[in-house]
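In what follows, a single structure is set out as structure tokens and then discussed.
The values are calculated or read from the model by the stated rules, or taken from the named source; none is laboratory data. Bear in mind that the values here come from a model prediction, so they are computed numbers and not experimental data. Here the Cβ positions follow ideal geometry from the backbone for every residue, glycine too, while neighbour counts run over all protein chains shown.
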Amino acid sequence: MSVGILIDFDDTLVQTTLYFEMAREKYARYMVKLGFPLEEVLDVLDRADIENVHKYGGFLKECFPYAMAQTYDHFCNIKKIKASDDARRKVEDMGWWVFDQPPVLIPGVGEALEELSADYPLYLATKGDPSVQLERVTRSGLTPFFEKIYVLKEKTHREYAEIAGAHMLIPGSSWVVGNSIKSDINPGLKAGFNCIYIPNQYTWHHEMEEPLGGHHTLETISGVPSLVRGS
Ligand SMILES: [Mg+2]
């Protein structure tokens, strides 16, 4: 039995939600220019995005760009405007743009992983579209730091317990590190891990939740090696 560290990818190691926010803002500006109401546009967009996640059975890359096109159609319908193919393609492309952005490391990530991986096995636990996530992890250059990369459909205590079981980790001596209370900290606590929460200002609002119990909070990932070593 051994000690290991499970680490989240999006908004913990690389900036992700920042790009969704940029696309959302550009989309909102365009929709307002077409005469559609800002608040309602964003509200319908968010709901369409979530519905797509359910409809397609997971966080597939289509969900966000399709939600942009669906929201455009929705408001054309309401305002009795004829939807244009060009405009629909244009708004959908604003969504696809997010997936063309190279992953940008959050400051301090390289050094922290270098230090941690020298002493502990690291496991990447990310949620999302497998083809998208694997490519993004590869492009981030972080693959060599990890014993294994997990792209999970869900992040609940079950997945964390399975990873612990597969690598003979003792959860009570091992760690979960991430920016989401809902997907990282709470399932980690439920599976018996020590948890380190590193908030990211751009965390997706659907990832907000009340913490289930005691955990550590750090401002940046740079503090993780000394915290883990000191335990
Ligand atoms: Mg995350």
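Here are the criteria: (1) touching a strand residue (DSSP E or B) at 6+ places or on another chain (Cβ under 7 Å); (2) within 12 Å of the ligand (Cβ to nearest atom). Tell me which single one K148 does not satisfy.
Only one criterion is unmet by K148, namely (2).
Can you pull out every residue in the range 109-135 that is within 16 Å of the ligand (Cβ to nearest atom), outside any helix (DSSP H, G or I) and at pLDDT 95 or above?
Those that are within 16 Å of the ligand (Cβ to nearest atom), outside any helix (DSSP H, G or I) and at pLDDT 95 or above: L122, Y123, L124, A125, T126.
For residues in the range 151-162 being in contact with a strand residue (DSSP E or B) (Cβ under 6 Å, 6 or more places away or on another chain) and not acidic (D, E), which is farthest from P211 (Cα to Cα)?
Narrowing the range 151-162 to residues in contact with a strand residue (DSSP E or B) (Cβ under 6 Å, 6 or more places away or on another chain): 151-152, 155, 159.
Now restrict to residues that are not acidic (D, E): 151-152, 155.
Working: V151: 23, L152: 21, K155: 15 Å.
Within the range 151-162, the match that is farthest from P211 (Cα to Cα) is V151.
Out of (1) touching a residue at least 40 places away in the same chain (Cβ under 8 Å); (2) more than 22 Å from Q133 (Cβ to Cβ), the odd one out for D10 is which?
All conditions are met except number (2).
Within 15 Å of the ligand (Cβ to nearest atom) and surrounded by fewer than 17 Cβ atoms within 10 Å (Cβ to Cβ): does that describe E25?
On the way: within 15 Å of the ligand (Cβ to nearest atom): no; surrounded by fewer than 17 Cβ atoms within 10 Å (Cβ to Cβ): yes.
Judged against the criteria, E25 is not a match.
Any chance you could count how many residues in the range 70-102 are more than 26 Å from L134 (Cβ to Cβ) and in a helix (DSSP H, G or I)?
Residues of the range 70-102 that are more than 26 Å from L134 (Cβ to Cβ), as a first pass: 70-91.
The next check asks that each one be in a helix (DSSP H, G or I); those that pass are 70-78, 85-91.
Adding up the residues that qualify gives 16.
Just for strands (runs of 3 or more DSSP E) wholly inside the range 139-231: which have at least 3 residues that are more than 21 Å from V104 (Cα to Cα) and at pLDDT 95 or above? If you could, list the steps in order and put the result at the bottom.
Numbers: elements: 148-152, 175-178, 194-197.
The qualifying strands (runs of 3 or more DSSP E) are 194-197.
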